[in-house]
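To keep things clear, I will list the structure first and then write my remarks on it.
The values are calculated or read from the model by the stated rules, or taken from the named source; none is laboratory data. Source: prediction; values computed, not measured. FYI the Cβ positions are ideal-geometry reconstructions off the backbone, even for glycines, and counts take in every protein chain you see.
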Amino acid sequence: MIVDSIFLNAKAYLKGQIVDCCIAIEEGKIYKIGKETQMPGADEKTDLHNLLVLPGLIDEHVHLRDEYKAYKEDFTSGTSAAAAGGFTTVLDMPNNDPITMSAKTLKNRRETAQRRILVNTGFYSEFPRTLPEIREVAEEGAVAFKLFMGNQVGGVNIDDDAAITGALRAIAETKLPVAVHAEDHTVLATNETKLRQAKKNAPADYLRAHTKAAELQAVQRILKLSAGTNVQLHFCHISTKEGLGAIVEAKKTQKTVTCEVTPNHLMLTSDELQRYGSLVIMAPPPRDRLQVEALWRGLDDGSVDTLGSDHAPHTLEEKQVSNVWDVKAGIPGLEVTLPLMLSMVKKNRLSLNQVVTLLAEKPAKIYGLTDKGHLETGKAADLTIVNYNNQFKINASKFKSKAKFSPYNGWEINGKPIKTVVGGQLVYDDDEIVAKGGTGRIARGDTP
């Protein structure tokens, strides 16, 4: 048999170990993993010269913008950034313009993306306006639903406990997860109003509005409302010891509760608000060192299930507004997440096993991406190929993303994505995008 391609001389991450092997690919799937003498013939062979091969990484928390926000990012630039960062699959958040919150808006977004995406892309939906629409959105191919608790985004009134619980019950029937932005909007609004009235509008004041209590109250509320619904809850960008503690406690009785932490909340502290100002405004904000250490302990003991970049591109003008309440929250993250985490492996703060679990295996499991997350025969031929020993400086001006700024600009880090393979096709190769839009596929979760 002649297969499509073979990657020779790989050091591949297989079932928790680094194995010297070759990987044969046929029709977008992994055909065989083994020694070179065991490989079939191939139309194309690539010698990896002992580069590290990881299962194609999954970024479960990405804002690709496009449509009426295409000036910030579009499907081509966003998925180019993903490929450059070593991600073969991204999941797109729904707070777009128009908001993704119905079968129609989801279909339109998917069809627009299909021709442009370079990596596999799945789509969240906000909660629709009516309960029957939940089933329609699920059937249209949403990978998950999103609940923003910090402000009103979707169709369900976030002040109405009964409405939220009803929606959670309906979503539970679809078997799709619900990702939660857990910040209590009443706490945020009250704090912000007081600070505005006192003419407090510096970056440090943003932290005074987005308190630890805002996160904890939102976590506790949604856990209470979801009890008995059997819905799968996944908490996004948890940033506090107390919020994580409440989730850990809930896991003892609710087996369908998981959580994510972003690299930003691991690598940055509230000190950066003084250093970088509005550039690092994000929701939730960077916390003090005690909170950061609590998140690292959560990684060590398994309390944290996944990492997500929360890639949130904006124009530099939107980030450099003098009044902090007018600053757009978020920073680009797709191109720095993996190198930052591999640098932590180099410093013995993380293990490579943890990186693969947090960025591939667990996201695949939570979102039902059953053909992804592992290097195995029959799985999608999505490969993240890394030079683990490559030391380099982050240069935000060369990002593939339209958002060419970063608080990590100039950081010297270890571990550079060299090649990104999506469905057997090389998309990114030595700093260059080498595939055309449409290479990526629309990702849908396989629900039981």
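Output the strands (runs of 3 or more DSSP E) that fall wholly within region 23-104 and possess 3 or more residues being among the aliphatic types (A, V, I, L, M), or say none. So that I can check it myself, show each step before the final result.
On the way: elements: 29-34, 41-47, 52-55, 57-62, 87-92.
It comes to 52-55, 57-62.
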Could you list, in sequence order, the residues of region 425-444 that are in contact with a helix residue (DSSP H, G or I) (Cβ under 8 Å, 6 or more places away or on another chain) and either at positive phi or assigned to a strand (DSSP E or B) (or both)? Val427, Tyr428, Asp431, Ile433, Gly438, Ile442
Flagged in region 320-348 as surrounded by fewer than 21 Cβ atoms within 10 Å (Cβ to Cβ) and not polar (S, T, N, Q), in numbering order, are Val321, Trp325, Asp326, Lys328, Ala329, Val345, Lys346, Lys347
Kindly indicate the residue of region 424-448 that is among the hydroxyl-bearing types (Ser, Thr, Tyr) and closer than 26 Å to Asn387 by Cα and also surrounded by the most Cβ atoms within 10 Å (Cβ to Cβ) among those meeting that condition. Tyr428
Inside region 5-22, the number of residues satisfying the requirement of being on the phi > 0 side of the Ramachandran plot and exposed (fewer than 14 other Cβ atoms within 10 Å of the Cβ) is 2
Would a scan of region 403-423 turn up a residue that is part of a loop (DSSP other than H, G, I, E, B), among the charged types (D, E, K, R), crowded, with 18+ Cβ neighbours inside 10 Å and within 19 Å of the chain's Cα centre (by Cα)? no
1 or more residues closer than 21 Å to Leu64 by Cα and not polar (S, T, N, Q): qualifying helices (runs of 4 or more DSSP H) within region 225-335: 263-267, 316-319
Would you tally the residues in region 120-158 being in a loop (DSSP other than H, G, I, E, B), within 30 Å of Tyr428 (Cα to Cα) and among the hydroxyl-bearing types (Ser, Thr, Tyr)? 0
Restricting to region 303-321, count the residues that are without any contact (Cβ under 8 Å) to a residue 60 or more places away in the chain and among the small types (Gly, Ala, Ser). 1
Tell me, which residue of region 276-298 that is surrounded by fewer than 19 Cβ atoms within 10 Å (Cβ to Cβ) and touching a residue at least 40 places away in the same chain (Cβ under 8 Å) is farthest from Gln354 (Cα to Cα)? Gly277
Which numbered condition trips up Ile2, out of (1) farther than 21 Å from Val386 by Cβ; (2) crowded, with 17+ Cβ neighbours inside 10 Å; (3) hydrophobic (A, V, I, L, M, F, W, C)? (2)
Quick check on Thr190: is it hydroxyl-bearing (Ser, Thr, Tyr), modelled with pLDDT of 95 or more and crowded, with 17+ Cβ neighbours inside 10 Å? no
